[in-house]
Amino acid sequence: MPHITLPDSVPGIRSLVIYRPETGKYLYELVQILLRGESSLHAADRELIAAYVSYLNNCDFCYQSHAAAARCLYEEQQHLVDEVLKDLGSAPVSPKLKALLAIAGKVQKLGKEVKPEDIEKARTAGAGDRDIHDTVLIAATFCMFNRYVDGLATTTPEQLSDYIAMGERMSNIGYVLPNQTT
């Protein structure tokens, strides 16, 4: 049960955006830029970074919804999402993405955990400054979102089908403000 009064039928961060639209507007704009805006990283990879950090933070709502969006965006390669979450080291993703996910995992623990050798490994694998910047910002942003969602105990759907629908919506239309009357 949420710690504050939120719309009953609206899960996760969407309920918080309805509760406080004047702040939610900017959170949605930020996530739209990070996950769907212009980037050298594919949208599926950015969703996977968000899902990975959320998984490490044990934030079920964010992990499940962004994993679902990544699966939609990866299309026939959707199995990569579960393989990364199961074991990043053996997952069949590119060395570049693996190095960026490792950086995201360090940001999830503490930003200062990211060391020059982590950056060098990512650069050697083909990551540029923008890739590294966006990875760190996505990871840091999702740490905040995870704490926001879980800190107020928002509703978390238990049915996988709910997340599949969310993933399809996010992969198709991106991050738009929820209907304020919902």
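Derivation of every value follows stated rules applied to the coordinates shown; laboratory data play no part. Fair warning: this is a prediction, and the values are worked out from it, not measured in the lab. Heads up, the Cβs are rebuilt from the backbone with ideal geometry, glycines too, and the neighbour counts pull from every protein chain shown.
Under 5 Å between amide hydrogens, which residues at least 5 positions from residue 174 or on another chain qualify, with H placed 1.01 Å from N in the peptide plane?
Amide H neighbours of residue 174: none.
Could you line up 109, 86 from fewest to most neighbouring Cβ atoms inside 10 Å?
Fewest to most other Cβ atoms nearby, the residues stand as 86, 109.
For the stretch 96-111, just list the computed ³J(HN,Hα) in residue order, Karplus coefficients 6.51, -1.76 and 1.60, θ = phi - 60°, integers in Hz, with x standing in for Gly and Pro.
So the Karplus estimates, Gly and Pro as x, are 4, 5, 4, 5, 5, 5, 5, 5, 4, x, 6, 4, 4, 6, 5, x Hz.
Add -39500 (n - 2.57) for each DSSP H run of 4 or more in the chain, then divide by its residues: what number comes out at 222 nm, to the nearest 500 deg cm²/dmol?
Working: 9 runs with 122 residues, N = 182.
One gets -21500 deg cm²/dmol as the mean residue ellipticity at 222 nm.
State to the nearest 20 debye the size of the charge dipole of the chain about its Cα centre, where the only charges are +1 on K and R beta carbons and -1 on D and E beta carbons.
Dipole of the chain, to the nearest 20 debye: 420 debye.
What is the fewest-to-most order of 36, 123 by other Cβ atoms lying within 10 Å of their Cβ? Don't skip to the end; give the middle numbers.
On the way: 36 18, 123 15.
Final ranking by Cβ density, sparse to dense: 123, 36.
For 133, 3, what ranking results if the residue with the fewest other Cβ atoms within 10 Å of its Cβ goes first?
Working: 133 13, 3 9.
The most exposed by this proxy come first: 3, 133.
I need the fraction of alpha carbon pairs in the chain separated by more than 29 Å, rounded to a whole percent.
The share of Cα pairs beyond 29 Å in the chain comes to 17 percent.
Identify, among 95, 178, 164, the residue whose Cα sits farthest towards the positive end of the charge dipole of the stretch 62-182, taking +1 on the Cβ of Lys and Arg and -1 on the Cβ of Asp and Glu, with the dipole about the Cα centre.
95
Give the peptides 61-67, 95-101 in descending order of average Cβ contacts within 10 Å, highest first.
Top of the packing list down: 61-67, 95-101.
What are the ³J(HN,Hα) couplings of the stretch 118-135, residue after residue, when phi is run through the Karplus curve with 6.51, -1.76, 1.60 and θ = phi - 60°? Round to Hz, x for glycine and proline.
Once θ is set to phi - 60°, the couplings for the stretch 118-135 become 5, 5, 4, 4, 5, 4, 4, 7, x, 7, x, 4, 5, 4, 5, 4, 5, 4 Hz.
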